[in-house]
1. Given the conditions (1) without any contact (Cβ under 8 Å) to a residue 40 or more places away in the chain; (2) of a type in the set (A, V, I, L, M); (3) loosely packed, with under 13 Cβ neighbours inside 10 Å, and given that Ala20 satisfies all but one, which numbered condition is not satisfied?
2. Of the conditions (1) modelled with pLDDT of 95 or more; (2) more than 23 Å from the chain's Cα centre (by Cα); (3) not small (Gly, Ala, Ser), Pro5 fails just one. Which one is it?
3. Give Lys13, Lys6 a once-over and let me know the one that is in a helix (DSSP H, G or I) and either in the same structural domain as Glu109 (by TED's automatic domain parsing) or over 30 Å from Glu140 (Cβ atoms) (or both).
4. Out of Asn90, Asn95, report the one residue that is among the polar types (S, T, N, Q), in the same structural domain as Lys181 (by TED's automatic domain parsing), assigned to a helix (DSSP H, G or I) and touching a Leu at 6+ places or on another chain (Cβ under 8 Å).
5. Kindly check whether there is at least one residue in the range 110-126 that is surrounded by 15 or more Cβ atoms within 10 Å (Cβ to Cβ), touching a Ser or Thr at 6+ places or on another chain (Cβ under 7 Å) and β-branched (Val, Ile, Thr).
6. Hey, does the range 112-119 have a residue that's within 30 Å of Gln7 (Cα to Cα), touching a Lys or Arg at 6+ places or on another chain (Cβ under 6 Å), modelled with pLDDT of 90 or more and not acidic (Asp, Glu)?
7. Taking the range 72-109 only, how many residues are touching a helix residue (DSSP H, G or I) at 6+ places or on another chain (Cβ under 6 Å), modelled with pLDDT under 85, surrounded by fewer than 17 Cβ atoms within 10 Å (Cβ to Cβ) and not aliphatic (A, V, I, L, M)?
Amino acid sequence: MKRIPKQKRSLMKYEALLRAALLEFSEKGYTETTSKTIAARADVATGSFYQYFDDKNDILYRLVSDRFEDLKTRYFELSEKTPENFNDMNFLRDNIARILKLMIAFHEEMKGFHALIHHRRHIDPKLDHIIQGFDAAFDERVGALVKLYKPDTAKTSSFVVKAIAEGIVHGFVFDRPKGVKKEDVINQGVNAILNYLISGDWT
């Protein structure tokens, strides 16, 4: 990736290209999005695009890095507090609910874009590597919480909790069935994760 420009005028073009690329990828998908369509949407010359990015993959990687960095910041702000008593089910329930709400909102903000990167990461090793870097940070936070409740199976249990949460988020955002309400999905999702963490029947 090329360096982020510092001069005001150049930075404005750079940010306009990022905004345009996010919309292009979200609305048109990967194949139909090109450096030319991004530049046109940003109202800059195609040559200007190449001053800041090598190609459309380069700008896609920047967008993914920026989006996930924002998610990590927001997620860490929610998860940095810990209860004085880890048997405090209200604290745990509220914390899980806030995180599920954050994840759903994050994916809904640019549904098409997230569907694209969810698919592309499986065929683009560099994109997958970028996402795995953020996954590791999230896994560490989830693991710290899960270890309090399932210390003997922390690693496997962390994977299961993350899979439950991702299944809920992706299923609701990308394949939302009619008549299913977000609030109900979050409440039942919280129940599913709590039951797994606390109930001995799941071990």
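The values are calculated or read from the model by the stated rules, or taken from the named source; none is laboratory data. Model, not experiment: these values are computed from the prediction. FYI the Cβ positions are ideal-geometry reconstructions off the backbone, even for glycines, and counts take in every protein chain you see.
1. All conditions are met except number (3).
2. Here Pro5 meets the rest and fails (1).
3. Lys13
4. Result: Asn95 is the single residue among Asn90, Asn95 that is among the polar types (S, T, N, Q), in the same structural domain as Lys181 (by TED's automatic domain parsing), assigned to a helix (DSSP H, G or I) and touching a Leu at 6+ places or on another chain (Cβ under 8 Å).
5. The answer is no, given that none of the residues of the range 110-126 is surrounded by 15 or more Cβ atoms within 10 Å (Cβ to Cβ), touching a Ser or Thr at 6+ places or on another chain (Cβ under 7 Å) and β-branched (Val, Ile, Thr).
6. no
7. Residues that pass the stated criteria total 2.
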